[in-house]
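Bear in mind these aren't lab numbers, they're just calculated from the coordinates by the rules spelled out. Just so it is clear, the structure is predicted and the values come from calculations on it, not from any experiment. A quick note on method: Cβ atoms are made from the backbone with ideal geometry, for glycine too, and the neighbour counts reach across all protein chains shown.
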Amino acid sequence: MELDEILACRLDAARKKAEPCTIVIFGASGDLTARKLIPALYHLSLNELWPAPVRIVGFARRPKTSEAWRAELQEALGRFSRRGAPDPAAWERFAASLFYCQGDIAEAAAYEELRRLLDDTDDLRLKQNLLFYLAISPSQFAEAAGRLHEAGLLHKEGEAPGWQRVVVEKPFGHDAESARQLNASLTRFVHERQLFRIDHYLGKETVQNILLFRFSNAIFEPIWSRQCVDHVQIVVSESLGVGARGGYYEESGALRDIVQNHLLQVLALMAMEPPVSLDAEAIRDEKVKLLRSVRIPFPDQVASSAARGQYLAGPDGAPAYRQEPKVRPDSNVETYAALRLFIDNWRWSGVPFYLRSGKRLPLTASEVRVQFRPTPNVLFAAQCGANLDANAITLRLQPNEGITLRINGKVPGASTEIRPVRMQFSYQAEFGAYTPEAYERLLLEAVSGDATLFIRRDEVEASWGIVDPVRQAWSRQPLTADEMYAAGSWGPPAAARLVAARGHAWRNPQPQ
Ligand code: BG6
């Protein structure tokens, strides 16, 4: 087909327009600011959808001038931007919008200083439209919001001119109860619709494409259910260990770090019912409904529906988890988690959904595999038995993003040999190498006030409800030798048993 025959449909007509504003980053000296936020903001500033003007204020404890902060960020951009060192003229234009405010989150005086800085403009929009990005510890969220409110910088929508929004990083609480408490403290100062909870997986192109793939292609809907699907596997595997993040990881483990958020979000998008519209609330309503349909294991069912593991030293000399900096030498924290979940609704009743994530696995890759039922045991299946693979659709979320349909085909030749072949859509081949960073999309949406890609209060609480019983059971039992896995392997034996119990096997992501 000629390029000009390809129909493209833009859904941006109802897109909210981003307005000039000031973005205040709490935790401006942190890793996230240098690695993700500033590169994303810089790339957005080169983009036609980004409003002008936008001011960016960094708020952190370390004393430094705005000039010093700019110089640090310029250097960091060279290291972390996907486009490398910034173009000097474009950087100068961007740097002119960066300001630093030194202050302690716990001190009222710091917020007065911040207020003076924010008031120092004639542009009302920059004074009144404020996005507070809390890249700080969750234990400080409520205090920061409260003090911003006292300083007259943060108001419930409708109570002051302009708009104010608060963006918070994960983890949002450490269980359902703490998430509820955190929600209650934050909503004393802002409405739920002003709160933007980040799960950066939702900013990934391939994760956003799940909804488009499912609901803009009529051929998949009739097979997307228990009638045709045998089981589903969702994996986030990482080859790196926890490295310098031992302190954080000791409090989170794989279950809180990845399963409660990224994996359950992907599950919700894969399995939810079609929303009534593309509106943020309509989509989030369906995700919550799905998460609430997930069967919660009773404490005595955890052992048979979940598996955990912790990595040992690798053959490459890399340390075991317990030898990583800031990790307790007898740590009981899991670096690998696998769950078998059932969704108790009409579409999915009886279909196992396997979720797993681990550090120090052979490969870094995230993918979803929808494994279809095998053919009836006649014709080819009667002769080939288990060697005749069933169809599968794999959504490769990263890297080498794409979608693959596995079908069986005849190997050319005089003999009749059947083997799986792949029909493949690759982002790289179709669209070229450009895939924007998740944070670019998320920041643009937050500035525009579109909450579709952010997690609503009831979603967070429902997700914690699914993982809490597992975490509680695991915290009561010390890890056994059977739950340890060699770095560079695909996880502990217990995880293989989890799928084998239903006659399944893990289908590991392949290097591509
Ligand atoms: C983060 C986790 O949320 O996601 C990290 O805290 C993990 O432990 C990371 O490495 C993975 O994200 P990505 O985008 O690299 O797949």
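Evaluating 6.51 cos²θ - 1.76 cosθ + 1.60 at θ = phi - 60° for every residue in the stretch 132-137, the Karplus couplings come out as 9, 9, 8, 8, 10, 5 Hz, glycine and proline recorded as x.
Of the peptides 442-448, 123-129, how do they stack up when ordered by the mean number of other Cβ atoms within 10 Å, highest first?
Working: 442-448: 22.4, 123-129: 17.3.
Highest-to-lowest ranking by the protection proxy: 442-448, 123-129.
Beyond 24 Å between alpha-carbons counts as too far, so tell me which of Lys156/Lys289; Lys17/Lys127; Lys64/Lys204; Lys17/Lys204 fall in that bin. Pairs exceeding the cut-off: Lys156/Lys289; Lys64/Lys204. For the chain, the Cβ-based charge dipole about the Cα centre amounts to some 1140 debye (Lys, Arg positive; Asp, Glu negative; other atoms uncharged).
Applied to the stretch 396-411, the Karplus parametrisation 6.51 cos²θ - 1.76 cosθ + 1.60 on θ = phi - 60° returns per-residue 3J(HN,Hα) values of 8, 7, 5, x, 6, 3, x, 10, 10, 10, 9, 10, 9, x, 7, 6 Hz, with x for Gly and Pro. Highest-first packing order for the peptide set 18-28, 473-483, 186-196 is 18-28, 186-196, 473-483, based on the mean count of other beta carbon atoms within 10 Å. Kindly state, to the nearest 0.05, the FRET efficiency for Ala109 paired with Leu278, given R0 = 41 Å and r defined as their beta-carbon distance. Once the sixth-power term is evaluated, E becomes 0.35.
Placing unit charges on the Cβ atoms of the charged side chains and taking the dipole of the stretch 292-340 about its Cα centre, the candidate lying farthest along the positive direction among Thr335, Ala320, Val294 is Val294. Summary of the geometry: the stretch 208-244 and the stretch 135-204, compared by the centres of their Cα atoms, lie 30 Å apart.
Centre-to-centre, using Cα atoms only, the stretch 61-94 and the stretch 287-332 are separated by 38 Å.
Each part reduced to its alpha carbon centroid, the stretch 485-502 and the stretch 339-401 end up 16 Å apart.
Of the listed peptides 208-218, 91-101, what is their order by residue-averaged count of other C-beta atoms within 10 Å, with the highest listed first?
Values: 208-218: 14.3, 91-101: 18.4.
Ranked from most to least packed, the peptides come out as 91-101, 208-218.
The slack between Asp330 and Asn408, meaning 0.36 nm per residue of separation minus the straight C-alpha distance, is 23.2 nm.
Based solely on its DSSP helices, what 222 nm [θ] is calculated for the chain when runs of n ≥ 4 H residues each add -39,500 (n - 2.57) and the sum is averaged over all residues, nearest 500 deg cm²/dmol? All intermediate terms of the calculation are to be shown ahead of the outcome.
Values: 17 runs with 165 residues, N = 512.
The helix contribution divided over the chain gives -9500 deg cm²/dmol.
For the chain, the alpha-carbon radius of gyration amounts to 1.03 times the rule-of-thumb value 2.2 N^0.38 Å expected for a compact globular protein.
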